[in-house]
Each structure stands twice: as structure tokens, then as C-alpha cells.
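Taken together, the values in this text are just the output of simple stated rules run on the coordinates, not laboratory data. Bear in mind the structure is a predicted one, so any value in this text is a computation, not a measurement. Note that we place each Cβ from the backbone using ideal geometry, even for glycine, and neighbour counts take in every protein chain shown.
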Amino acid sequence: MTVNGIQNYQYLSKKFYSNEIIYKIIEKKMVDSHDLTDFLTNTEVKDLNLLATFLRNRTGSKFVTYSRKVFINLINLCKDSCSYCTYKKEPTSMEAVMLSPSQAIAIAKLGEKARCTEALIVTGERPEVKYKEAKRWLTSLGHRNLSELLADLSEKILSQTGMLPHTNAGSLTKKEMSMLKSSNASLGMMLESSSERLTHKGKAHEKAPSKNPKVRLKSLISAGELNFPITTGLLIGIDESFDEIVESLLLINNINKKFGHIQEVIMQNFLPKKGTLMEYAKSPSYPYFLRCITAARIILEDISLQVPPNLSPNLYSNYLDSGINDWGGISPITPDHVNPESPWPTIENVNMVTREKGFTLRARLPVYPKYIINSQISGKFVHNRLKDYIEPLIDKYGLVREEFINNEY
Ligand code: SF4
């Protein structure tokens with residue numbers, strides 16, 4: 001336990017002397033979900049910050065990590081329509097993208113030159129189901145569906161660049177995921193929220209059947225059944241209640257307790273975007289967002305916690321005071337195609353603010369160190385085929401490895 005950790009623990013013990021919940025949280029004992037929700041709702045954020053940082057610091061790690069990535073925007077057509085999204089484009093739009101494999105590989109090669117280790121492949125949700133243009137694009141490339149193309153492209157990127165693919169193509173089925181396991185180090189799929197209420201008329205996910213929490217949770221479970229490391233996350237400020245945030249986090253934690261494959265949770269603050277149905281909706285307030293981040297650190301056991309730095313350019317370093325330990329994927333060469341109006345800070349800037357908070361910034365791979373270094377589980381979570389690519393990357397770039405052996409994240 002760090003000195004800071006001991007001080008926090010003493011302070012917390014004194015302050016919450018009669019509070020059984022905090023004792024149970026610290027000792028990792030079962031807490032009734034209603035009691036926990038009450039505690040997280042009614043405790044002051046500054047005290048939640050102390051508890052969250054205590055829980056983060058007790059891993060003993062002084063590192064805050066990021067993944068150096070290249071963003072491959074493969075196809076931005078999507079069968080769904082979330083009320084906050086500007087990533088999705090219509091086929092007639094000048095901004096519609098349908099890359100050929102050679103274009104995608106060319107982008108990946110730029111990433112390789114820029115010493116990136118993650119090839120993030122992003123698509124809309126099953127575009128071929130809705131758009132004949134997407135179907136034609138796939139047929140012209142010799143594929144019946146997007147999953148086939150993703151498997152083929154991931155394999156090419158892996159073998160031609162040595163970078164590790166990490167695919168985010170929405171709510172994949174177990175069969176679709178299994179096609180990616182030998183070429184992808186991990187997957188990404190935001191849960192967004194466990195609230196079915198948000199699928200009702202006038203709400204953010206009314207026109208996005210794939211954002212029904214039943215569908216998303218099923219995908220998370222399928223990834224677990226395949227022992228496929230996955231990153232998920234919540235979008236905060238889309239008219240969910242705080243109780244629903246807590247419920248979402250508890251569900252994620254329970255799934256991870258069963259399978260151990262949820263490597264990271266992203267807490268993403270909603271930003272209204274021009275031209276969307278939610279253009280005039282408000283972003284979450286700063287105190288509310290901090291409360292949500294601390295709730296995540298307090299609830300999620302053995303799962304890394306990330307907030308994207310580009311969505312809070314002037315104050316992202318403060319999130320380190322709420323218990324996060326990762327900045328997610330940052331690209332030195334490609335934009336955040338999902339949030340193009342929010343450029344990533346430079347890695348130098350992230351390094352500086354991380355250092356100012358007393359931490360050391362370290363690069364990691366798109367699959368978390370615990371799945372690589374722990375020989376008991378690495379065979380289970382990392383496909384044998386990927387191991388030959390992972391080791392050289394760690395050695396070449398001096399990535400986080402041994403420091404995390406005894407740590408939880
Ligand atoms: S599913 Fe994803 S890409 Fe499609 S509309 Fe929703 S946020 Fe946009």
C-alpha cells in the first residue's frame with residue numbers, strides 16, 4: 001500500500017467509522033446493490049475520489065497507460081441511428097467511407113511507421129443489412145458479410161504490419177467473434193447503458209435496436225464464452241439516471257467475475273453534436289461525471305478504467321484524481337473518426353499532465369498485460385497465433401509487462 005494509500009485509508013476509516021459499506025468495498029465483500037447505490041448517490045464526490053484513488057493506488061502501480069494506435073475507419077455506414085451519432089453517414093454523403101483492403105492496409109502501414117502497436121478497425125453496425133451499397137462493396141471484395149471481411153483484413157494487417165488488430169464493429173454474435181479470435185488481440189464494444197428506457201420513443205437509442213442492452217450484454221457474454229478480451233464502456237449524459245449507471249457497472253462487473261475477459265471500461269462523457277437529434281441536449285455536469293467515474297472504480301473489480309482525454313481537453317488530468325488508470329487509444333497520426341471535432345492531445349501533453357499528477361505514462365498493447373504475462377491465463381485469452389506477434393512488440397517498444405505482474409489491472 002502506498003503512503004498516500006495508507007493516509008487515504010486512515011482518513012476513510014475515520015470518516016466512515018460506522019460505515020459498513022466502505023469497509024465491505026475495501027475488503028471486497030458483497031454489498032447490497034441498493035445500499036451501494038445509496039452510498040454512491042449520497043456520499044460527497046471528494047470522499048468518493050479518495051476511496052476510488054485508494055482502490056486504484058493499492059495495486060501499487062505508478063503507471064498510467066495508453067495504447068498507441070492507428071484508427072482505420074473501414075465503413076461508416078450503419079443500420080442503426082443513435083440520436084447522438086455523427087459517425088454514421090448515408091451512402092450519398094461525401095463523407096461516406098468504404099475502404100478497400102489495400103487502402104486499409106496502407107493506413108495500417110502508416111501506423112507501423114509511426115510505431116503504433118494497435119490497429120483499431122471501426123465500422124458501423126451491420127451496414128450490409130440496410131444498404132445495398134454496403135452489400136455491393138462486400139460482394140466486390142468477395143465477401144458475403146462484414147465479419148468475413150473483418151477476419152480477412154485483420155489477418156492481413158497482422159501478417160503484413162505486425163500490429164495487433166482490435167476490432168470495434170458493434171454487437172457481434174459469438175460465431176462472428178470466433179472468426180476474429182486468431183487475428184484480433186481484443187475487441188471493443190460499448191454497452192453505452194443497461195437502460196432499456198433509452199430505447200423508448202424520443203430517447204437516445206429509440207432507432208438503434210443493437211443498443212438494446214439485452215443485445216449488448218449478450219455480446220459481452222459471448223466474448224466471455226470465447227475467452228476473448230474485450231473493452232466496453234458507458235456513455236454518460238444521454239438521459240440515463242445515476243441508478244442506471246450503477247446498474248450498468250454492476251452488470252459489467254458480474255459478467256467479468258464469471259469470465260474474467262473484460263479488460264477495460266471506458267467512461268465517456270456525452271458531447272452534443274451539430275445536426276443530431278441531441279444537438280441541444282446538455283453534456284453531463286462535471287460533478288456528475290466525476291461521481292460516475294468514481295462509481296466505476298469502486299464497483300469494477302480487476303478491470304482497468306479509462307476516460308478519453310480528447311473529450312475533456314482542458315481538464316482530463318483531473319480524472320486521475322477519481323481513480324482512472326488509462327487514457328485508452330491515442331493516435332499520433334489518424335483522427336478520432338467517431339469524434340473528429342475532438343482531436344487527441346499529443347502524447348507529449350498526456351505524458352506531461354500524467355507526470356504532474358505523480359504518475360508515469362507507459363504504452364501498452366491493445367490486450368492488457370495480465371492476459372499476456374500470466375502464463376496460467378495467457379493461453380486461454382490470447383490465441384497462440386498472436387503470441388509470435390506480441391512478444392516482439394513488447395521487446396521492441398519496451399511496453400508495460402513485468403510491472404503489472406502483481407497488479408490487478
Ligand atoms: S450504432 Fe454506432 S455507428 Fe451506428 S448510429 Fe449508433 S453510435 Fe453511430
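Looking at Gly124, is it within 16 Å of the ligand (Cβ to nearest atom) and either loosely packed, with under 15 Cβ neighbours inside 10 Å or within 26 Å of Ile333 (Cα to Cα) (or both)? It is true that Gly124 is within 16 Å of the ligand (Cβ to nearest atom) and either loosely packed, with under 15 Cβ neighbours inside 10 Å or within 26 Å of Ile333 (Cα to Cα) (or both).
Checking each residue in the stretch 236-249 for being surrounded by 17 or more Cβ atoms within 10 Å (Cβ to Cβ) and assigned to a helix (DSSP H, G or I) picks out Glu244, Ile245, Val246, Glu247, Ser248, Leu249.
The set of residues in the stretch 127-181 being under 26 Å from the mean Cα position of the chain (by Cα) and of a type in the set (Gly, Ala, Ser) consists of Ser147, Ala151, Ser154, Ser159, Gly162, Ala169, Gly170, Ser171, Ser178. Restricting attention to the stretch 169-189, the residues being crowded, with 19+ Cβ neighbours inside 10 Å and within 26 Å of Lys203 (Cβ to Cβ) number 6. Filtering the stretch 50-89 to residues that are under 25 Å from Ala296 (Cβ atoms), of a type outside the set (Phe, Trp, Tyr), under 19 Å from the mean Cα position of the chain (by Cα) and within 16 Å of the ligand (Cβ to nearest atom) leaves Cys82, Cys85.
Tally the residues that are more than 19 Å from the chain's Cα centre (by Cα) and within 16 Å of the ligand (Cβ to nearest atom), restricting the search to the stretch 328-360. Residues meeting the conditions: 1. Applying the criterion of at least 2 residues that are of a type in the set (Val, Ile, Thr) and under 29 Å from Ile236 (Cα atoms) to the strands (runs of 3 or more DSSP E) found wholly in the stretch 93-205 leaves 118-123. For Leu226, the criteria (1) away from the ligand (no atom under 16 Å from the Cβ); (2) buried (at least 24 other Cβ atoms within 10 Å of the Cβ); (3) hydrophobic (A, V, I, L, M, F, W, C) hold in every case but one, which is (2).
Scanning the stretch 193-221 for residues that are buried (at least 21 other Cβ atoms within 10 Å of the Cβ) and closer than 24 Å to Phe381 by Cα turns up Arg216, Ser219, Leu220.
Here are some residues: Glu155, Glu133, Glu125. Which one is touching a residue at least 60 places away in the same chain (Cβ under 8 Å) and farther than 28 Å from Val350 by Cα? Walk me through it before giving the result.
Values: Glu155 fails: touching a residue at least 60 places away in the same chain (Cβ under 8 Å); Glu133 fails: touching a residue at least 60 places away in the same chain (Cβ under 8 Å).
None of the other options fit; the residue is Glu125.
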